[in-house]
Amino acid sequence: MTNTSILNPEIVRSYKKTSDAFTVFRGINEAKSSYNDNTDTSIIDLAGQKASGDKNTSAITVALQDFSESFKSFHGEDHSNISAKDAKAGLFGNKENIFATEEGQNILEDGNVFQSDLFEQERAKNGGIQYAQDNANLIESALAFAQADIEAIEKSADKAGRTRADGDLSYKDILTYTSLTGDSEYNDVTQSLDLDGNGKEISAEEYASYLLATDSIKQADGSSLEVTFGQPDGIITSDEAYLVEKCDDEDLKAIAQQYYNRYFA
């Protein structure tokens, strides 16, 4: 992996409540969710083949990108999903989309695919959320995943008429896929995670910074009460997600801010 070590190895953070970062960022909380050992991984396998042509794009990133491109209708369901007709190359034109290939069409013929299916297969395949391939540029890969995930979230919310897609996560966007509640456009959750001075929305660059910070988190000396930060490796593991779930947002934010200031400011 590209060297991104910018952290003081002596930094030690305590953790406590469920953090806003864990709640908001699917690249973190989806790593902690369970999966069946017998889960089919055909979509992620297919996405991985396509991702091999771009070293800074991972399988889950490709899967999210191609899902968003194919997504046309909820098909009467509560969550966004795609059918074989949605993704048929002759209808929407992109033969490179994994769902438009013969293999992708065969997968879709077995039933519609939901975003949750992508994450479940990713966990089953890689044991977490692998946002970067081996020997990839971690910064570019984290940003590509963040952009793809935000697009998938926003396109679903836009199609549902709840918000307008603009490439950033607003509080209204966040309400569509989390347990948070509220009736205002602005909420403290976006402010608590703010790295760029715009507390009303979370950018892809901020999202990527939190991914990198999460991927740097380690348990300190076997303790269940403290964590340290080290070198990221391109995958958000269940253990890292668990630590972030309980990490104080201000502590994690301090690390994410270092990444943001160095690579995105």
Nitroxide proxy distance, nm - points 7 Å out along Cα→Cβ at Ala265 and Asp239: 3.2
Most mobile of Ala51, Ala254, Ala63 in a GNM of the chain (Cα contacts under 10 Å): Ala254
Efficiency of FRET from Cβ geometry, Phe92 and Ser33, R₀ 30 Å, rounded to 0.05: 0.50
Per-selection Kirkwood Rh - the chain (Cα, Å, 1 d.p.): 18.7
On Cα atoms only, tilt of 249-263 relative to the major axis of the chain in degrees: 70
Residues of type lysines that Lys172 reaches as a straight line, Cα spacing below 22 Å, ignoring anything fewer than 8 places off in the same chain: Lys72, Lys155, Lys159, Lys200, Lys253
Amide H partners (placed H, <5 Å) of Ile217, local residues excluded: Gly230
Accessible area (Å², per residue) of the stretch 82-215, counting only protein heavy atoms and a probe of 1.4 Å: 43
Portion, in percent, of the accessible area of the chain that falls on carbon or sulfur, probe 1.4 Å: 40
Tilt relative to the chain, helix 115-126 - C-alpha long axis, 0 to 90 degrees, to 10: 60
Fluctuation leader among Leu91, Leu252, Leu118 - the chain, Gaussian network, Cα springs under 10 angstrom: Leu91
Residues with amide H under 5 Å from that of Ile202, placed H, sequence gap 5 or more: Leu169, Ser170
Alpha-carbon Debye profile of the stretch 52-119, log10 I(q)/I(0) at 0.16, 0.20, 0.23, 0.29 Å⁻¹: -0.49, -0.77, -0.99, -1.41
Mean separation of Cα contacts under 8 Å (6+ apart) over length of the stretch 31-165, as relative contact order %: 33
Listed residues Asp117, Asp166 arranged by accessible area, highest first, probe 1.4 Å: Asp166, Asp117
Spin-label pair Lys246/Ser192, simplified geometry with 7 Å Cα→Cβ offset, distance in nm: 1.7
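For the chain, calculate the relative contact order in percent as a whole number, restricting contacts to Cα pairs under 8 Å that are 6 or more residues apart.
Once divided by the residue count of the chain, the mean separation gives 30 percent.
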Only Lys, Arg (+1) and Asp, Glu (-1) charged, at Cβ; the chain dipole about Cα centre in debye: 160
In degrees, nearest ten, helix 204-215 long axis to first principal axis of the chain (Cα): 60
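The values are calculated or read from the model by the stated rules, or taken from the named source; none is laboratory data. All values derive from a computational prediction rather than experimental measurement. For neighbour counting, all protein chains shown are included, and Cβ atoms are generated from backbone atoms with ideal geometry for every residue, glycine included. These area figures cover heavy atoms from the full protein model, side chains too; ligands, DNA and RNA do not enter into them. Shrake-Rupley method; radii C 1.70, N 1.55, O 1.52, S 1.80 Å.
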